[in-house]
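The values are calculated or read from the model by the stated rules, or taken from the named source; none is laboratory data. All values derive from a computational prediction rather than experimental measurement. Cβ coordinates were reconstructed from backbone atoms using ideal geometry, including for glycine residues, and neighbour counts include every protein chain displayed. Accessible surface areas use protein heavy atoms only, side chains included; no ligands, DNA or RNA. Shrake-Rupley method; radii C 1.70, N 1.55, O 1.52, S 1.80 Å.
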Amino acid sequence: MTSRQQNRRAVITGLGVVAPNGVGADAFWKATRQGVSVLDRISREGCADFPLRIAGQVRDFDPAAAIDSRYLVQTDRFTHYAMAAADQAVADAGYVPDPDDPYAVGVVTAAGSGGGEFGQGELQQLWGKGPQFVGPYQSIAWFYAASTGQVSIRGGYKGPCGVVASDEAGGLDALAHAARAIERGTDAVVAGAAEAPLAPYSMVCQLGYPEVSLADRADRAYLPFSPAACGFAPAEGGAMLLLEDERTALGRGATVRAYLAGHGATFTGASRWEESREGLAAAIRIALDQARISPEEVDVVFADALGVPAADRAEALALADALGPYAERVPVTAPKAGTGRAYCGAPVLDTAAAVLAMEDGVLPPTPNVTEVGHDLALVTGRARPAELRTALVLSRGLMGSNSALVLRRGDREA
């Protein structure tokens, strides 16, 4: 280990959010804290006749106002969200990259659906008009790595870059990947995930998931941990965070908003929800061990909250396995019940919410859920005040990935 790698610790200094319930961290947190549900009928062009009717759409976002036109035409909506959120995160942190050291900043994102809308449009051109009408950006705009590439190019970030393809849990895994890059010597990493799965081709793909809710009413479409659970409502959007080395951040006068204290990841197989109990519990234990904290030190759990009875039962049992008797007392919340599940973007939005909850001393509620069908202290109804120093964020993917992230409240300034 070199001297540059000794005693390095990843901290969060900036948040950027593009979500169905708000663009920008302040708007997102206000709606999340109030328990606002924005699930509604999908209004995207070409999506009206699908059996999947309810989702969380990003409505208050103008890509042309946030992104230069030269980048706009090269990219899909999921990358528009990521670029805008990345700009927010860097600005929120007050971070000014050193033009003499572009290799000090990296980028890591995760994606599950890629640029389906862009790809569909180009394929329609191919079959409707001919290959000469297919633009050159078809080769890159649909690709899972597009957001990492475009954020890197646009920001001039030439440090370690990557894309994580580990299902919805990839959102947390991307943050852990970024933290490891910082521990190895990188000063800062822009990391997170954003998705845009509400387009005809992407929706056809999602109809293959038995876990997707086909409910016709917005207030009944996504009810995790409820006896009435019938699957999850998908969503678009996501969040990007600026992670920095603690000493570097404090040295430039930045505020440490949270510490990435521990992370664990496992794999249990596609839709094997009973088996996810063991895998998720193992991921939680790994994360707690890495953070060097006991179960009783966890102040709030931001649940994966799939909204599928077998999966919800497995998550509740995984918490019992990993946290012991304390699992019945620790507050559990699932704000995504009001916004929808933005695939890889969902756990990064939960991470942003966890940071804001710890800063504000408030437990945000789980929208729409009034009856809890599991032995969990689920926060429902209204937000409530609480002293929060440690948050546990959980995520599972439909293809079998499980991930757990421990966050500790940042309370130090230079």
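For Gly159, indicate whether it is in contact with a strand residue (DSSP E or B) (Cβ under 9 Å, 6 or more places away or on another chain), at pLDDT 95 or above and not charged (D, E, K, R). Even if it seems obvious, please write down each step before you answer.
Values: in contact with a strand residue (DSSP E or B) (Cβ under 9 Å, 6 or more places away or on another chain): yes; at pLDDT 95 or above: yes; not charged (D, E, K, R): yes.
For Gly159, the condition - in contact with a strand residue (DSSP E or B) (Cβ under 9 Å, 6 or more places away or on another chain), at pLDDT 95 or above and not charged (D, E, K, R) - is met.
Which number in (1) outside any helix (DSSP H, G or I); (2) surrounded by 19 or more Cβ atoms within 10 Å (Cβ to Cβ) marks the one condition that His177 misses?
Status for His177: all satisfied but (1).
Within the range 291-322, restricting attention to residues that are part of a loop (DSSP other than H, G, I, E, B) and in contact with a Gly (Cβ under 7 Å, 6 or more places away or on another chain), which residue is surrounded by the fewest Cβ atoms within 10 Å (Cβ to Cβ)? Full working, then the answer.
To start, the set of residues in the range 291-322 that are part of a loop (DSSP other than H, G, I, E, B) comprises 292-294, 298-299, 303-308.
If we keep only those that are in contact with a Gly (Cβ under 7 Å, 6 or more places away or on another chain) as well, we get 307-308.
Working: Gly307: 27, Val308: 22.
Selected residue: Val308.
Taking the condition closer than 26 Å to Leu214 by Cα and hydrophobic (A, V, I, L, M, F, W, C), does Ile42 pass? Even if it seems obvious, please write down each step before you answer.
Working: closer than 26 Å to Leu214 by Cα: yes; hydrophobic (A, V, I, L, M, F, W, C): yes.
When the stated conditions are applied, Ile42 passes them.
Do you know which residues across the range 39-72 are closer than 20 Å to Ala233 by Cα and open to solvent by less than 40 Å² (accessible area, probe 1.4 Å)?
In the first step, residues of the range 39-72 are kept if they are closer than 20 Å to Ala233 by Cα; the result is 39-60.
Once the filter is applied, which keeps residues that are closer than 20 Å to Ala233 by Cα and open to solvent by less than 40 Å² (accessible area, probe 1.4 Å), the range 39-72 yields Leu39, Ile42, Cys47, Phe50, Leu52, Ile54, Ala55, Gly56, Gln57, Val58.
Condition first: open to solvent by less than 20 Å² (accessible area, probe 1.4 Å) and either of a type in the set (S, T, N, Q) or more than 18 Å from the chain's Cα centre (by Cα) (or both). Now tell me which residues in the range 123-151 satisfy that.
Here is the first cut: in the range 123-151, the ones open to solvent by less than 20 Å² (accessible area, probe 1.4 Å) are 130, 141, 146-148, 150-151.
Hits for the range 123-151 are Gly130, Ala141, Ser147, Thr148, Gln150.
Given the range 2-121, what helices (runs of 4 or more DSSP H) lie entirely inside it while holding 1 or more residues that are of a type in the set (A, V, I, L, M) and modelled with pLDDT under 95? Outline the logic, then answer.
Numbers: elements: 25-34, 63-66, 69-72, 77-92.
Hits in the range 2-121: 63-66, 69-72.
Among the numbered criteria (1) part of a helix (DSSP H, G or I); (2) under 16 Å from the mean Cα position of the chain (by Cα); (3) at pLDDT below 90, which one does Leu172 miss?
Every condition holds for Leu172 apart from (3).
Residues checked against (1) free of Cβ contacts under 8 Å to residues at least 40 places away in the same chain; (2) touching a helix residue (DSSP H, G or I) at 6+ places or on another chain (Cβ under 7 Å); (3) at positive phi:
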{"position": "Gln34", "(1), (2), (3)": "no, no, no"}
{"position": "Arg44", "(1), (2), (3)": "no, no, no"}
{"position": "Asp62", "(1), (2), (3)": "yes, no, no"}
{"position": "Tyr95", "(1), (2), (3)": "no, no, no"}
{"position": "Val108", "(1), (2), (3)": "no, yes, no"}
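Could you list, in sequence order, the residues of the range 149-166 that are closer than 22 Å to Ala261 by Cα and assigned to a loop (DSSP other than H, G, I, E, B)? It would help to see each step written out before you state the result.
At the first step, the residues of the range 149-166 found to be closer than 22 Å to Ala261 by Cα are 160-164, 166.
Selection gives Pro160, Ser166.
Identify, please: which residue in the range 340-362 is in a loop (DSSP other than H, G, I, E, B) and open to solvent by 10 Å² or more (accessible area, probe 1.4 Å) and is, among those, farthest from Ala404 (Cα to Cα)? Break it down stepwise before answering.
Of the residues in the range 340-362, the ones in a loop (DSSP other than H, G, I, E, B) are 340, 342-344, 361.
Applying the additional criterion that residues be open to solvent by 10 Å² or more (accessible area, probe 1.4 Å) yields 343, 361.
On the way: Tyr343: 15, Gly361: 22 Å.
Out of the qualifying residues, it is Gly361.
Hey, can you tell me all the residues within the range 323-339 that are touching a strand residue (DSSP E or B) at 6+ places or on another chain (Cβ under 9 Å), of a type in the set (Gly, Ala, Ser) and surrounded by fewer than 24 Cβ atoms within 10 Å (Cβ to Cβ)?
The one that is touching a strand residue (DSSP E or B) at 6+ places or on another chain (Cβ under 9 Å), of a type in the set (Gly, Ala, Ser) and surrounded by fewer than 24 Cβ atoms within 10 Å (Cβ to Cβ): Ala327.
Would a scan of the range 6-16 turn up a residue that is surrounded by fewer than 18 Cβ atoms within 10 Å (Cβ to Cβ), among the β-branched types (Val, Ile, Thr) and under 27 Å from Val362 (Cα atoms)? Please lay out each step first, then the result.
Residues of the range 6-16 surrounded by fewer than 18 Cβ atoms within 10 Å (Cβ to Cβ): 6-7, 9.
Next, only the ones that are among the β-branched types (Val, Ile, Thr) stay: none.
No, the range 6-16 contains no residue that is surrounded by fewer than 18 Cβ atoms within 10 Å (Cβ to Cβ), among the β-branched types (Val, Ile, Thr) and under 27 Å from Val362 (Cα atoms).
Can you name every residue in the range 196-232 that is open to solvent by less than 20 Å² (accessible area, probe 1.4 Å), out of contact with any strand residue (DSSP E or B) (no Cβ under 6 Å at 6 or more places or on another chain) and outside any loop (DSSP other than H, G, I, E, B)?
Ser202, Met203, Val212 - these are the residues of the range 196-232 that are open to solvent by less than 20 Å² (accessible area, probe 1.4 Å), out of contact with any strand residue (DSSP E or B) (no Cβ under 6 Å at 6 or more places or on another chain) and outside any loop (DSSP other than H, G, I, E, B).
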